[in-house]
Each structure stands twice: as structure tokens, then as C-alpha cells.
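FYI, it's all coordinate maths here, none of it is from the lab. Every value quoted in this text rests on a predicted model; they were computed, and no experiment measured them. Here Cβ is always computed from backbone atoms with ideal geometry, including for glycine, and neighbour counts include all displayed protein chains.
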Amino acid sequence: MRSRYSAYAYGDADYLFRTWHPRTRPVDVTVDPGITWTGLQVIDIVAGGSGDDRGEVEFRALFEFAGRADSLHERSRFERRAGRWFYLDPMTEDL
């Protein structure tokens, strides 16, 4: 999760594409240059340890857009493939 947040902050769309699960990733991944990412708060982690193939991370990513502070709150699912973690999707339940 932290590496994907950093990729958004630095505008590294290629890294985001490579760490997005092939089953769920879009054809094209872009980063909005008008967004300035200002912080990441990890709220909760479920599984995702060395013996797990799946995990969840609830987080709040802080950002500024058009001079206004805002945040993105999400619980994301991740899946390990060939020893590497991939972002699968956001969970759809209310946070």
C-alpha cells in the first residue's frame, strides 16, 4: 500500500500499472498531475503477512486539489502472485 501511495505521489503510473492485478486493472493507468498527495494514514490491516496470499488495507490518503484539502478513504484488497503483492480492488462495503 505504501509503495502504491508513493507511486501516486511521484506520478509513477508505470509502477501503478505493474502492481495492479491483471484481472482488475484498467487498460491505461494515469496519474492526475493536479493532485498533490500530502499523507497516508494506514487505519487497519487484515492478513497480508508472509504466509498469506490475500490481504486488506484500510487507509486514508490525504491530498490537495485546486487549492483544497481532501482525502480518499478506502479498504483495498491485495493478492499475492508469484511472491509479489498486487492491488486487486477496493472493497465495496461502507467504511
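Points worth noting:
- Shown for Ile45, Ile35: other C-beta atoms within 10 Å of each C-beta, ranked fewest to most, produce the order Ile45, Ile35.
- Estimated dipole of the chain in Debye, rounded to 20 [Cβ of Lys and Arg +1, of Asp and Glu -1, Cα centre]: 340
- Ordering 13-19, 66-72 by mean Cβ neighbour count within 10 Å, with the highest value first, yields 13-19, 66-72.
- Calculated mean residue ellipticity, 222 nm, the chain: -4000 deg cm²/dmol, from DSSP H runs (n ≥ 4) at -39500 (n - 2.57) each, averaged per residue and rounded to 500.
- Residues Val42, Val31, Val57 in ascending order of nearby Cβ atoms (within 10 Å, fewest first): Val42, Val31, Val57.
- Exposure proxy ranking for Ser76, Ser6, based on other Cβ atoms within 10 angstrom of each Cβ and starting from the fewest, stands as Ser6, Ser76.
- Once backbone amide H atoms are built at 1.01 Å from N, Arg54 has Gly48, Arg80 as its partners under 5 Å, excluding neighbours fewer than 5 places away on the same chain.
- Charge-dipole axis of the range 2-90 as Lys and Arg at +1 and Asp and Glu at -1 on Cβ define it, positive-most pick from Val29, Ser50, Leu40: Ser50
- Length added when fully stretched, His73-Asp52, from 0.36 nm per residue minus Cα-Cα: 5.2 nm
- The Kirkwood hydrodynamic radius of the chain, based on inverse pair distances between different Cα atoms, is 14.0 Å.
- Spin-label model, Val42/Met91: points 7 Å from Cα along the beta carbon direction are separated by 1.6 nm.
- Where a label projected 7 Å from the Cα of Arg60 along Cα→Cβ would reach, residues of the range 19-46 with amide N under 11 Å: 40-43
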